[in-house]
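Colleague: Submitted below is the structure of interest, expressed as structure tokens.
The values are calculated or read from the model by the stated rules, or taken from the named source; none is laboratory data. In this text, all values refer to a predicted model and were calculated from it rather than measured experimentally. Positions of Cβ are generated from backbone atoms using ideal geometry, with glycine treated the same way; all protein chains shown enter the neighbour counts. Remember, those area values only see protein heavy atoms, side chains included, never the ligands or the DNA or RNA. Shrake-Rupley method; radii C 1.70, N 1.55, O 1.52, S 1.80 Å.
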Amino acid sequence: MAADEAVDQECVEGYLFARSPTRFLLFRRPPKRGRIWVPVSGKVDAKDPDLPSALRRELAEETGLTELRALDPLNWSVRFEGPDGRRWRLHAFGVEVAATSVPRLSREHDAFAWLEPAAARQRLYYSDNQAALDRLMERLTEESEQASTALAHPTSHFPPQAIVLPTVGEPLFAALREGHHTKVVLQVPAGLVRNAHDLAAAIRDAVGVPVVVASRACFGACDFPSPSETPGADALVVLGHAPIPNVPLDRTTYFVEMRDPGGDPTALAERVRDAGVPRRLGIVASVQHLDLLGPFVTALEALGYTVRLGTGDRRLQYAAQALGCNYTTAESVAADVDAFLFLGTGRFHPLGLAFAVEKPVWSLDPLRGEIELPVDRGQLVRRRQLLVAKTRGARRWGILVSTLAGQNRNPTALVLQARARARGLDAEVFVSDRIDPRDLEGRDVEAYVNTACPRIALDDSDLYPRPVLTVPEFLMAIGETPLEPYRFDTYH
Ligand code: SF4
């Protein structure tokens with residue numbers, strides 16, 4: 001496997017677990033290696049085709065377990081200096097096995113134990129291991145909550161559907177007619193609010209159903225109007241966003257992605273070359289510009305570029321796509337490129353991408369043909385670290401939780417609260433469907449940690465009456481993790 005230039009040795013670690021009830025399988029290192037409890041881990045060899053294969057090999061060698069029910073990346077990696085002074089990076093995976101699995105001990109371990117979640121967390125020696133286990137627990141809790149919701153509504157044989165269309169037009173109208181809906185709600189992003197009136201009228205005329213427009217500002221791709229905001233509407237039309245595969249829907253939702261293949265691919269590629277963008281290039285695009293990718297990549301390759309488009313995790317619908325809270329498409333190819341190019345508009349995604357991949361991130365607006373120089377990640381990180389430093393003495397914390405399905409991290413909030421309390425700090429959880437700075441005025445809180453959309457902490461923090469940190473920043477502020485390496489907060 002190709003190595004990232006900023007890393008000398010890639011490593012993998014697997015958190016073995018079984019379900020019903022959830023239990024974790026941990027291993028103890030022998031006395032000469034500290035008798036500490038750890039997950040299974042090991043180095044990635046040059047012969048390993050990818051990280052999952054490396055972990056499968058390690059599991060077979062160290063535990064004899066080869067019958068795996070699932071092996072999923074936790075999108076959690078840690079960098080550190082190895083005993084040889086080289087720069088190592090460890091990638092964490094959740095590995096499901098049968099509850100009856102009995103591992104074989106190798107020279108790496110002298111004991112193993114199946115443990116309840118709280119006991120497993122307590123027994124793990126390294127805080128990074130605990131953090132990865134928290135992430136796995138968060139995912140398992142989310143899955144079991146979704147399963148119980150499905151069981152609680154046995155009359156619904158099919159989950160609400162996501163129907164994807166490229167633009168507004170007859171295919172959308174035909175799909176809506178076929179759906180035989182009684183009332184449709186239309187949600188438009190900020191850039192299209194002027195057109196909302198005409199679009200609603202066009203749908204009403206073409207489909208023959210009442211249409212209402214959601215007037216509240218749309219915060220992002222997982223911020224849909226709730227049924228209580230739009231009573232009686234049994235269909236939702238969302239403009240400008242793609243479905244997020246791991247976000248459940250509460251009614252049939254038509255995602256009109258507003259694809260725009262506009263822009264001259266050859267002229268844009270020449271613009272990239274003339275700006276001096278490195279030749280080994282990863283591209284990430286907002287959903288509107290995904291149709292331009294094919295011809296644009298061909299044009300870049302004709303100029304001598306090697307382009308990589310990555311595949312994301314269960315939160316991303318398309319290759320090369322990105323969300324402000326998830327850049328796994330870029331992370332999947334980061335080792336093979338020298339820089340990234342963001343195809344789209346606005347600064348939020350390039351900033352998040354720069355935090356996530358630690359590579360120069362250029363931006364190209366395909367419609368205007370304007371290119372922007374790389375984001376200065378160092379400056380961004382220093383600004384965030386300064387904020388962390390300012391909150392280090394805070395004793396009263398507020399933990400922000402959104403109840404929106406796509407950004408509800410209540411399990412994470414409870415873990416953070418427990419960690420704060422274990423350090424003698426006061427921490428209350430504040431819950432709302434939308435986090436609004438006006439609701440936080442006048443509270444006896446010195447600083448907040450945001451578990452909802454990362455835009456709140458990274459883009460809008462100036463609007464809040466107190467500093468707002470991300471989850472990894474909070475752990476730095478209360479002394480659980482060091483300031484370096486700086487970690488971006490991502491959702492999976
Ligand atoms: S949580 Fe992610 S998907 Fe939801 S609005 Fe924020 S950036 Fe977009």
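Colleague: Evaluate the following for Ala92: is it assigned to a strand (DSSP E or B) and open to solvent by less than 50 Å² (accessible area, probe 1.4 Å)? Reasoning before the result, please.
Modeller: Working: assigned to a strand (DSSP E or B): yes; open to solvent by less than 50 Å² (accessible area, probe 1.4 Å): yes.
Spelling it out, Ala92 is indeed assigned to a strand (DSSP E or B) and open to solvent by less than 50 Å² (accessible area, probe 1.4 Å).
Colleague: Scan region 183-215 for residues that are surrounded by fewer than 12 Cβ atoms within 10 Å (Cβ to Cβ) and among the hydrophobic types (A, V, I, L, M, F, W, C) and jot them down.
Modeller: Ala190, Ala201
Colleague: If you scan region 447-492, which residues turn out to be open to solvent by less than 40 Å² (accessible area, probe 1.4 Å), part of a helix (DSSP H, G or I) and either over 28 Å from Thr311 (Cα atoms) or free of Cβ contacts under 8 Å to residues at least 40 places away in the same chain (or both)?
Modeller: Ala457, Ser461, Pro472, Phe474, Leu475, Met476, Ala477
Results for (1) in contact (Cβ under 8 Å) with a residue 12 or more places away in the chain; (2) touching a helix residue (DSSP H, G or I) at 6+ places or on another chain (Cβ under 6 Å), shown as yes or no for each residue.
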residue	(1), (2)
Arg19	yes, no
Lys32	no, no
Trp37	yes, yes
Leu51	yes, no
Leu59	yes, no
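Colleague: Within region 375-420, work out how many residues are open to solvent by 50 Å² or more (accessible area, probe 1.4 Å) and farther than 19 Å from Pro472 by Cα.
Modeller: 3
Colleague: Looking at (1) farther than 30 Å from Asp336 by Cα; (2) open to solvent by 30 Å² or more (accessible area, probe 1.4 Å); (3) of a type outside the set (S, T, N, Q); (4) more than 16 Å from the ligand (Cβ to nearest atom), find the lone condition where Leu249 falls short.
Modeller: Every condition holds for Leu249 apart from (4).
Colleague: Here is a further query. Determine which member of the set Gly344, Gly294 is modelled with pLDDT of 90 or more, on the phi > 0 side of the Ramachandran plot and surrounded by fewer than 24 Cβ atoms within 10 Å (Cβ to Cβ).
Modeller: Values: Gly294 fails: on the phi > 0 side of the Ramachandran plot.
Exactly one residue qualifies, and that residue is Gly344.
Colleague: Can you tell which of Phe488, Phe474 is touching a Phe, Trp or Tyr at 6+ places or on another chain (Cβ under 8 Å), aromatic (Phe, Trp, Tyr) and modelled with pLDDT of 95 or more?
Modeller: Numbers: Phe488 fails: modelled with pLDDT of 95 or more.
Residue meeting the stated conditions: Phe474.
Colleague: Would a scan of region 253-270 turn up a residue that is under 19 Å from Gly179 (Cβ atoms) and more than 16 Å from the ligand (Cβ to nearest atom)?
Modeller: Yes, that holds for at least one residue.
Colleague: While we're here: In this structure, is Glu257 acidic (Asp, Glu) and open to solvent by less than 20 Å² (accessible area, probe 1.4 Å)?
Modeller: Working: acidic (Asp, Glu): yes; open to solvent by less than 20 Å² (accessible area, probe 1.4 Å): yes.
In short, yes.
Colleague: Related question: So which of Ala356, Ala322 ends up being at pLDDT below 90 and within 15 Å of the ligand (Cβ to nearest atom)? Steps first, answer last, please.
Modeller: Values: Ala322 fails: at pLDDT below 90.
Of Ala356, Ala322, the one residue that is at pLDDT below 90 and within 15 Å of the ligand (Cβ to nearest atom) is Ala356.
Colleague: Part of a helix (DSSP H, G or I), among the hydroxyl-bearing types (Ser, Thr, Tyr), free of Cβ contacts under 8 Å to residues at least 12 places away in the same chain and loosely packed, with under 14 Cβ neighbours inside 10 Å - does that describe any residue in region 123-146?
Modeller: Narrowing region 123-146 to residues part of a helix (DSSP H, G or I): 123, 127-146.
With the extra rule that they be among the hydroxyl-bearing types (Ser, Thr, Tyr), the set shrinks to 127, 141, 144.
Right, trim to free of Cβ contacts under 8 Å to residues at least 12 places away in the same chain and you get 144.
Now restrict to residues that are loosely packed, with under 14 Cβ neighbours inside 10 Å: 144.
Yes: region 123-146 contains one or more residues that are part of a helix (DSSP H, G or I), among the hydroxyl-bearing types (Ser, Thr, Tyr), free of Cβ contacts under 8 Å to residues at least 12 places away in the same chain and loosely packed, with under 14 Cβ neighbours inside 10 Å.
Colleague: Sticking with this structure for a sec: Determine if region 422-430 includes at least one residue that is more than 16 Å from the ligand (Cβ to nearest atom), closer than 22 Å to Gln130 by Cβ and part of a helix (DSSP H, G or I).
Modeller: yes
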